[in-house]
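Trainee: I'd like to ask you about the structure that follows.
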Amino acid sequence: MSTPDVVVITGANRGIGLELARLYAGRGSEVIGVCRQSSEELAGVASRVIDGIDVTTDDGVNRLKSGLDGVSVDLLINNAGLLRDEQLGNIDFDSIREQMEVNAYGPLRVAEALIPLMKEGSRIANITSRMGSIADNDSGGKYGYRASKAALNAFGKSLAVDLKSRGIAVALLHPGYVKTRMVNFGGLITPEESAMGLAERIANLTLENSGSFWHSNGEELPW
C-alpha cells in the first residue's frame, strides 16, 4: 500500500493516536485528527483538527461527517478508546455500558458515517485489543473492556465482509502493551514503536486478509 493521501484518526490528541498522526504526517499524508479536546502536540502535527467530537452520539458523528464534507478518506483509524476495571463482586454496569459506547459502538458509528467518503482501495483500521480475544483470556476481570473489544472485533469482521465488494479492507489491530496514560505508562513498548508496527500492518492490509485480527508485531491473534 502506498502512503495514503488522507488519514482520519479518532482519539488523535494523545498516546497511540498522536503517534500515528505524527507518523503519517511525516510520510506526507494529510492527517485529520479527531478528538474531544485537542492538544498542542496534535495541532502541531495534523493538517487539520476536528475537535469537540463525541463519537458515542449521533450529533457528534454527524458533526464529524459535516466537517469532512468533500473529503475523500483513504484511511480511517478508529483509535479512540476507554479502559476501566471491573472485578467480580463489584461490577459497575454503567461503566461497562460506557466502554461499549466508546470502544465498540463509537467505531461502528464513525465507520458507517464515513464509508460514503471512501472509495475502492480505502482502508479502515480498528484499534482493538487482544483482551477482546475470548480464546486468549486466561486472567479474567475487566469485564467491560474485554466485552467491548470483543464486540468491536465482531463489528469489524462484519464490516470486512460487507465492504469487500466495494474494495474497502478492514483490519482489527492490537497495538501491543503500550506505555500510555491509559495503563499509567506501565506498558512494554513505546507509542512510537506501536505506531510503526500498526502502520506496517495497515500497509500490508489487502482484501484477501481483510477482517483479520493482528498484533502490531505481525502475529495473528485468536478470536
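The values are calculated or read from the model by the stated rules, or taken from the named source; none is laboratory data. All figures in this text were calculated on a predicted structure; none of them were measured in a lab. No Cβ is skipped: glycine too gets one built from the backbone with ideal geometry, and neighbour counts run over all protein chains shown.
Trainee: Restricted to segment 196-223, and to residues that are among the small types (Gly, Ala, Ser) and touching a Pro at 6+ places or on another chain (Cβ under 8 Å), which residue is farthest from Asn153 (Cα to Cα)?
Mentor: Filtering segment 196-223 for residues that are among the small types (Gly, Ala, Ser) and touching a Pro at 6+ places or on another chain (Cβ under 8 Å), the one farthest from Asn153 (Cα to Cα) comes out as Gly197.
Trainee: In addition: Any chance segment 138-148 includes a residue that's in a loop (DSSP other than H, G, I, E, B), hydroxyl-bearing (Ser, Thr, Tyr) and touching a helix residue (DSSP H, G or I) at 6+ places or on another chain (Cβ under 6 Å)?
Mentor: No, the conditions are met nowhere in segment 138-148.
Trainee: From the list Ile53, Ile115, Ile96, exactly one residue is farther than 24 Å from Gly197 by Cα, modelled with pLDDT of 95 or more and touching an Asp or Glu at 6+ places or on another chain (Cβ under 8 Å). Which is it?
Mentor: Among Ile53, Ile115, Ile96, only Ile96 is farther than 24 Å from Gly197 by Cα, modelled with pLDDT of 95 or more and touching an Asp or Glu at 6+ places or on another chain (Cβ under 8 Å).
Trainee: So Pro116 passes all but one of these: (1) in a helix (DSSP H, G or I); (2) surrounded by fewer than 21 Cβ atoms within 10 Å (Cβ to Cβ); (3) in contact with a Leu (Cβ under 8 Å, 6 or more places away or on another chain); (4) not charged (D, E, K, R). Which condition number does it fail?
Mentor: Looking at each condition in turn, Pro116 falls short on (3).
Trainee: So, of the residues in segment 1-28 that are buried (at least 20 other Cβ atoms within 10 Å of the Cβ) and part of a loop (DSSP other than H, G, I, E, B), which turns out to be farthest from the chain's Cα centre (by Cα)?
Mentor: Pro4
Trainee: Condition test on Ser38, is it farther than 21 Å from Leu108 by Cα, part of a loop (DSSP other than H, G, I, E, B) and in contact with an Asp or Glu (Cβ under 9 Å, 6 or more places away or on another chain)?
Mentor: For Ser38, the condition - farther than 21 Å from Leu108 by Cα, part of a loop (DSSP other than H, G, I, E, B) and in contact with an Asp or Glu (Cβ under 9 Å, 6 or more places away or on another chain) - is met.
Trainee: Which one of Leu82, Leu64 is modelled with pLDDT under 95, crowded, with 16+ Cβ neighbours inside 10 Å, of a type in the set (A, V, I, L, M, F, W, C) and not in a strand (DSSP E or B)?
Mentor: Result of the check over Leu82, Leu64: Leu82.
Trainee: Which of the residues spanning segment 164-189 are modelled with pLDDT under 75 and either surrounded by 14 or more Cβ atoms within 10 Å (Cβ to Cβ) or in a loop (DSSP other than H, G, I, E, B) (or both)?
Mentor: Matches in segment 164-189: Lys179, Thr180, Met182, Asn184, Phe185, Gly186, Gly187, Leu188.
Trainee: Follow-up. So which residues in segment 29-61 are buried (at least 16 other Cβ atoms within 10 Å of the Cβ), over 17 Å from the mean Cα position of the chain (by Cα), among the acidic types (Asp, Glu) and within 23 Å of Val170 (Cα to Cα)?
Mentor: Correct list: Glu30 only.
Trainee: Of Leu207, Leu159, which residue is closer than 25 Å to Ile115 by Cα and surrounded by 22 or more Cβ atoms within 10 Å (Cβ to Cβ)?
Mentor: Leu159
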